[in-house]
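The values are calculated or read from the model by the stated rules, or taken from the named source; none is laboratory data. As the structure is a prediction and not an experimental result, all values here were calculated from the model. So basically every Cβ, Gly included, is an ideal-geometry build from the backbone, and we count neighbours across all protein chains shown. Quick note on the areas: whole protein, heavy atoms, side chains included, nothing else; ligands and nucleic acids left out. Shrake-Rupley method; radii C 1.70, N 1.55, O 1.52, S 1.80 Å.
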Amino acid sequence: MNKNYFKWLIKSRKVSLLFFILIYIGFQLIPFTSFDPEYPKDVFITSANIGCDLSILLTMAMPVYLFAYIHRKSSVDMYFSLPVSRKEQLITNLFLTWLLSYGCFFAGTTLVWLLRARSVILLRTFVSLQLFSAFSIAVLTLFHSAVYTLTNSVFDGVVMIGAYTVLPVIVSVSVMSFMYSMIAGRNIPSDSLVNQIGTLLSPISMFFINIGALLEPEYSDTGFMTLYLLPMSVFAVLSVILLRHHFINRKAERAEQLSDDILSYPFIINVYLLLILMDLSWTVVSDSIEGLGFIYLLLFFIYIVASFIYKRSIKISLKPIAMFLAFCIGTMAFAEAGWFTEGFGLSNLPYNLYSEKYLCYQYRADVKLEDLGVDNSDYYNENYANVSFTLMIPTENKAEYKAIVDKMEEYRKKSTSRFYNRRKSGYSSIDFEVCNKKAEDDYREYNDYSYTGDYPFSEPELEEISRYCDVNVYPIINKETGSLNYGDFEAMTLKEFLDYRANHKELLKTE
């Protein structure tokens, strides 16, 4: 780092830097205005979260502010001819960005901790928070600076920072869309890398997840993820490599030219297009294309306009049209392959049934009153019944429930097969869910798998299940049937319903 250059940066930008600092500290101290003496920890947590948000914004804004000269023909030659090497300029700019972003975070959180939260936030937690924040902000400073230097104009640089920041979100949405549309159970084992793709591609997400684990460990499912330090370090290394190529070895004549680096345009446009097309393809293959034609046309229009903006000229050519058609065909073929292989085999991944204290099976179905084993999905204008049960199996007593677990898992397999044949099977109202819980009354569900049931359990099967848990039946009367009117019934146990039905044949009347 060049000390004279650093002093010059501070002196020449002191008004702007002072503005950033005052805004930062002002927002971070907002929790003081609503301080509740009974909850000092909440003040610190809120202040720290605000600080994280503002620090991330600064790691995006400061590179745009400090490196803007490389994108302007009027200034790039002057800066590159200063008696300060490019390496020194780079290190100094990065250090100032990190110092401002983390320095404000440190000052704000330290002030709140000393004045309000020292008694409830352990020193060890406070130090861990500062160390991880300093590291994460350094990684984000490198990453956003590297992304900004990929381009050749200020506008493209800002767009690229936004695009690469949002990209992991689009990836996560695509993964969720894939699991919902292509995976029976709409889930895969929680330890699968697929679940972590979006997070591992985002240093911001990894930063927030671990900050949350440090501040509120009681609400964190995973705890502090030391594993995240590795991908974040990889981001830092890759950013240094990119900065070396795009700043230290940068050609001055790139300023104000087309941003056509291999990682800028049209690469980022094509990546977004592919991800969105994949989302559409999952839906088309698993359901139908009905109603999606307009979305394809709109996406084509946006893609063509984005190509015009990147090239800075309105010139019709066959290449983007051919690319769009090729991507459509390719993604559709890929999605068909995924459907044919049952989610590329992910539906058949082994899973641990007893990962928590309780294994839970939940069943809900709309069935006929005269036979609880017959689906009533297509006859809601008639009287029918809703059957449900929640089977909770303690892990410590799993041997006693082996028979019923085997039965539920066999039903699960049949429901998986039905998922990939649902075009032929038609609509069904049967919901079958498998999950784990840490306590019987825990509202949180872990390893949650949700299926459309293959068939309604027959009455003998329901009687067998009722030996292990309550099976509830709720008759639903849509119109007058004799002396019975809608609202006459509340939920009954299976035995109560069977006895009542046997003694009240008028319940089965239809008009």
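Summary of packing: across the peptides 96-107, 445-456, 118-129, the per-residue average of other C-beta atoms within 10 Å ranks them, highest first, as 96-107, 445-456, 118-129.
Per-residue accessible area (protein heavy atoms, 1.4 Å probe) orders Met1, Met62 as Met1, Met62, starting from the largest.
Would you mind checking the tilt of helix 154-182 against the longest principal axis of the Cα atoms of the chain, expressed as 0 to 90 degrees and rounded to 10? Roughly 20 degrees, rounded to the nearest 10.
Under the simplified labelling scheme, the Met176-Ser74 pair shows an inter-label distance of 4.5 nm, with each label point 7 Å from Cα along Cα→Cβ. Here the label points at Ala326 and Ala134, each 7 Å from Cα along the C-beta direction, are separated by 5.0 nm in the simple model. A Förster distance of 60 Å, applied to the separation of the beta-carbon atoms of Arg124 and Asp499, puts the FRET efficiency at 0.45.
Separation of the range 445-467 from the range 317-356 is 30 Å, based on Cα centroids. Which shape class applies to the range 237-326: rounded if a/c is under 1.5, otherwise prolate when a/b exceeds b/c and oblate if not, where a ≥ b ≥ c are the square roots of the Cα gyration tensor eigenvalues? Verdict is oblate for the range 237-326. Stokes-Einstein, applied to the Kirkwood radius of the range 1-154 over Cα pairs at a viscosity of 1.567 mPa s and 4 °C, places its translational diffusion at 77 µm² s⁻¹.
Note: relative contact order over the chain, using C-alpha pairs below 8 Å and six or more positions apart, is 13 percent. What separates the Cα centres of the range 245-268 and the range 357-372 is a distance of 60 Å.
Label sites at Tyr65 and Ala403, each approximated as a point 7 angstrom past Cα along Cα to Cβ, lie 7.2 nm apart. Peptides 45-53, 253-261 ranked from most to least packed, by the mean per-residue count of other Cβ atoms within 10 Å: 45-53, 253-261. For GluC sites (Glu not before Pro), the sites in the range 262-346 that DSSP calls loop and that have at most 10 other Cβ atoms within 10 Å are Glu290.
For the pairs Lys7/Lys251; Lys357/Lys407; Lys357/Lys402, note any where the Cα-Cα span goes beyond 24 Å.
Where the Cα-Cα span goes over 24 Å, the pairs concerned are Lys7/Lys251.
Tilt of helix 293-311 relative to the longest C-alpha principal axis of the chain, in degrees (0 to 90, nearest 10)? Helix 293-311 sits roughly 10 degrees off the main axis of the chain. If the Kirkwood radius is taken over C-alpha pairs of the chain, then at 25 °C and 0.890 mPa s the Stokes-Einstein diffusion coefficient equals 89 µm²/s.
Provide the per residue accessible area, probe 1.4 Å, for the chain, rounded to a whole number of square angstrom. Write out the running numbers ahead of the final one.
On the way: 25910 Å² over 511 residues.
It amounts to 51 Å² per residue over the chain.
Round to the nearest 0.05 the FRET efficiency obtained for Ile91 and Leu22 when R0 = 22 Å and r is the Cβ-Cβ distance. Efficiency, from the Cβ-Cβ distance: 0.25. You can think of it this way: the chain between Thr226 and Tyr474 has 84.4 nm of extra reach, that is 0.36 nm per residue less the Cα-Cα gap.
Cross-link partners for Lys414 among the aspartates and glutamates, with Cα-Cα distance under 14 Å and sequence neighbours closer than 8 places in the same chain left out: Glu342, Asp406, Asp431, Glu433, Asp454. Less than 16 Å apart at the alpha-carbon level, and either on another chain or at least 8 residues along: which lysines does that give for Lys311? List returned: Lys319.
A probe of 1.4 angstrom, applied to the heavy atoms of all protein chains, finds Arg186 with accessible area near 70 square angstrom. Sorted largest first, the principal axis extents computed over the alpha-carbon atoms of the range 124-252 equal 54, 44, 21 Å. Of the peptides 313-319, 329-335, 384-390, the ranking by mean beta-carbon count within 10 Å, highest at the top, reads 384-390, 329-335, 313-319. Placing R0 at 45 angstrom, the Cβ-Cβ distance between Lys438 and Ser288 gives a FRET efficiency of 0.70 after rounding to 0.05.
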